[in-house]
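A short reminder: the numbers here are calculations on the coordinates, not readings from a lab. Predicted, not measured: the structure shown is a model, and the values here were computed from it. All Cβ positions, glycine included, derive from the backbone under ideal geometry; neighbour counts span all protein chains shown.
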Amino acid sequence: MTVDEMTALITNTLRNGITESIEKSTIDPMRIAAFEAYRIRTGKPELEPNEAINQHIFPSDVEQTLQLSLQIVETDKEKASVLYKGALEQIMNRLSVVPQARHSEKTTIWRFWKRND
């Protein structure tokens, strides 16, 4: 997968998570979308959610920001939009430090000086 394809796929995944989160008035779709973006970024579709990964890409401050945004979305859409944007930036910043799939592959080095007879 090229970098552009990965970017487009992550963008689409997060966009769908935002839309579904607002429609359902819950942050769970956004949490799922953030983890799916993590899978895409690492190139490991078989990866199962765990607490460490969830805390890395979706920490409590992001969760609280999204909760607040969902509470005020009906009364002040502009403020809710700003809060969502801030939470999304935090998720994107956290995803940017995750190694891309092509860089996470192991490489082997032939060691000619070590021979096992």
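Calculate the dipole size of the stretch 1-90 relative to its Cα centre from +1 charges on Lys and Arg beta carbons and -1 charges on Asp and Glu beta carbons; express the result in debye to the nearest 20. It would help to have the intermediate numbers written out before the result.
Values: 9 positive and 15 negative charges, 22 e Å.
Dipole of the stretch 1-90, to the nearest 20 debye: 100 debye.
Between Glu48 and Arg15, what length comes free when the chain is fully extended (0.36 nm per residue of separation minus the Cα-Cα distance, one decimal in nm)?
9.7 nm
Test of the criteria: in the stretch 53-95, which GluC sites (Glu not before Pro) are in a DSSP loop and have at most 13 other Cβ atoms within 10 angstrom of their Cβ?
Values: sites: Glu63, Glu74, Glu78, Glu89; in loops: Glu74.
When the GluC sites (Glu not before Pro) of the stretch 53-95 are filtered for loop state and at most 13 Cβ neighbours within 10 Å, Glu74 remain.
May I ask you to work out the translational diffusion coefficient for the stretch 3-100 at 4 °C, viscosity 1.567 mPa s, via Stokes-Einstein with Rh from the Kirkwood sum over Cα pairs, reported in whole µm²/s?
Result for D is 96 µm²/s.
Return the distance in nm (one decimal) between the two label points of a simple spin-label model at Asp61 and Glu5, each offset 7 Å from Cα along Cα→Cβ.
So the label points at Asp61 and Glu5 sit 3.5 nm apart.
For every helix of n ≥ 4 consecutive DSSP H residues, a contribution of -39,500 (n - 2.57) applies; sum these over the chain, divide by its total residues, and give [θ] at 222 nm rounded to the nearest 500 deg cm²/dmol. It would help to have the intermediate numbers written out before the result.
On the way: 5 runs with 77 residues, N = 117.
Estimated from H runs of four or more residues: -21500 deg cm²/dmol.
GluC sites (Glu not before Pro) within the stretch 1-52: which are DSSP loop residues with at most 16 other Cβ atoms inside 10 Å?
Passing both the DSSP loop test and the Cβ count: Glu46.
Gain in length, Lys79 to Ser25, computed as 0.36 nm per residue apart minus the alpha-carbon separation, to one decimal in nm?
Gain in length upon complete extension: 17.9 nm.
What is the angle, in °, between the Cα long axis of helix 60-72 and the longest principal axis of the Cα atoms in the chain? Nearest 10 is fine, range 0 to 90.
Around 30 degrees separate the two axes.
Helix 3-24 versus the longest principal axis of the chain: what is the Cα-based angle in degrees, 0 to 90, to the nearest 10?
Value to nearest ten degrees: 30.
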